[in-house]
Amino acid sequence: MKLKGALLSAALALGVTGASTAYAAWEPTKPVEFIIPAGPGGGADQMARMIQGIITKNNLMKQAIIPVNKGAGAGAEGFLAMKEAKGDPNKIVITLSNLFTTPLATGVPFSWQDITPVAMLALDQFVLWDNAEKPYKTAKEYIDAAKAAGPGKFKMGGTGSKSEDQIITVAIEKATGAKFTYLPFKGGGDVAVQLVGNHIDSSVNNPIEAVAQWRAGKLRALCVFDDTRMPYKEKITPTQSWNDIPTCKEAGVATDYVMLRGIFMAPGVTQEQVDFYVNLFKKVRETPEWKKFMADGAFNQTFMTGKEFRNWLTLNEALHKQLMSEAGFLAK
């Protein structure tokens, strides 16, 4: 009887252990490579490194997360690396709207459907900036000056070619009749430095890419490319909050554009692996560090996963195709 009891206890113990193993949620088995398909200093780079810091500080996962910039070819390097990592759950990529623009502009063999959507973390705004030393106090004054100077006399700086910043520049030209010389740089950090140095006349940087220079009184925020003002009312400069910046439509520049900040995985991963990262980023979003980052960068805090996110991606791919076709930016 004692032997039978011992065997039964052992069997029960094995059963319990087996059940807990079977139902243990998946988690990464080695350090996670966090691909950034853009250069250092820009909005995607800053967000990825903020996320790394939040995950590490708050011990949100057992493995390390390692940001890696792969921005060559307007981000194609990073996207193709994800596409080729089939079935590898230890890689993720932060995406911006070059998810759509890069394949459309370059013809590189990539679509967002080649990788696995995880979550929309936020939508990023674009602001028309000029140098605070210049006399133009409003977007209308700046655009009027650009028109008066003649075609191409004013320089608009942006990240990359045939991507979001240049699409917005073309939209401004169509809406106002002004004509700019567009100068591409590697990242939003470079663009802000060029504008502070008066090497360009304006930019359409994201808030997070120019907030330090705005706070320091070096740059002026003229308008935001959205239907409504940003909701954040805490003062960033001595006199202005993000909410004090008018929409470009209010300022007479009838165009708007918001940009994706999302997370994707490689193709061929399991739903359980996707769910791990969905839950991870839900935890990230609950931290005070993330909430401060969202407010400092004036982000639209929309969060999506699953079918809702896929539907949004489908609609926005079509929108970018239309915008880029109108601008003449599609690959021949």
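The values are calculated or read from the model by the stated rules, or taken from the named source; none is laboratory data. Predicted, not measured: the structure shown is a model, and the values here were computed from it. As a convention, Cβ positions derive from the backbone with ideal geometry for all residues, glycine included, and neighbour counts pool all protein chains shown.
Does residue 200 satisfy the criteria of being under 27 Å from residue 306 (Cβ atoms) and touching a residue at least 12 places away in the same chain (Cβ under 8 Å)?
No; evaluated as a whole, the condition is false for this residue.
May I ask you to verify whether residue 216 is modelled with pLDDT of 95 or more, over 24 Å from residue 302 (Cβ atoms), of a type in the set (A, V, I, L, M, F, W, C) and not assigned by TED's automatic domain parsing to the domain that holds residue 295?
Details: modelled with pLDDT of 95 or more: yes; over 24 Å from residue 302 (Cβ atoms): yes; of a type in the set (A, V, I, L, M, F, W, C): yes; not assigned by TED's automatic domain parsing to the domain that holds residue 295: yes.
Spelling it out, residue 216 is indeed modelled with pLDDT of 95 or more, over 24 Å from residue 302 (Cβ atoms), of a type in the set (A, V, I, L, M, F, W, C) and not assigned by TED's automatic domain parsing to the domain that holds residue 295.
Just give me the residues in region 214-235 being over 12 Å from residue 126 (Cα atoms), in contact (Cβ under 8 Å) with a residue 60 or more places away in the chain and not hydroxyl-bearing (Ser, Thr, Tyr), in sequence order.
214, 217, 218, 219, 220, 234
Which of the residues spanning region 52-65 are under 22 Å from residue 25 (Cα atoms) and surrounded by 12 or more Cβ atoms within 10 Å (Cβ to Cβ)?
52, 54, 55, 56, 58, 60, 61, 63, 64, 65
Given the structure, is residue 324 within 22 Å of the chain's Cα centre (by Cα), more than 24 Å from residue 35 (Cα to Cα) and surrounded by 13 or more Cβ atoms within 10 Å (Cβ to Cβ)?
Judged against the criteria, residue 324 is a match.
Out of 230, 259, 265, I need the residue that is closer than 25 Å to residue 317 by Cβ and modelled with pLDDT under 95. Which one?
Within the list 230, 259, 265, the selection yields 259.
Evaluate the following for residue 309: is it of a type outside the set (Val, Ile, Thr), part of a helix (DSSP H, G or I), assigned by TED's automatic domain parsing to the domain that holds residue 88 and touching a helix residue (DSSP H, G or I) at 6+ places or on another chain (Cβ under 8 Å)?
Against the criterion (of a type outside the set (Val, Ile, Thr), part of a helix (DSSP H, G or I), assigned by TED's automatic domain parsing to the domain that holds residue 88 and touching a helix residue (DSSP H, G or I) at 6+ places or on another chain (Cβ under 8 Å)), residue 309 does not qualify.
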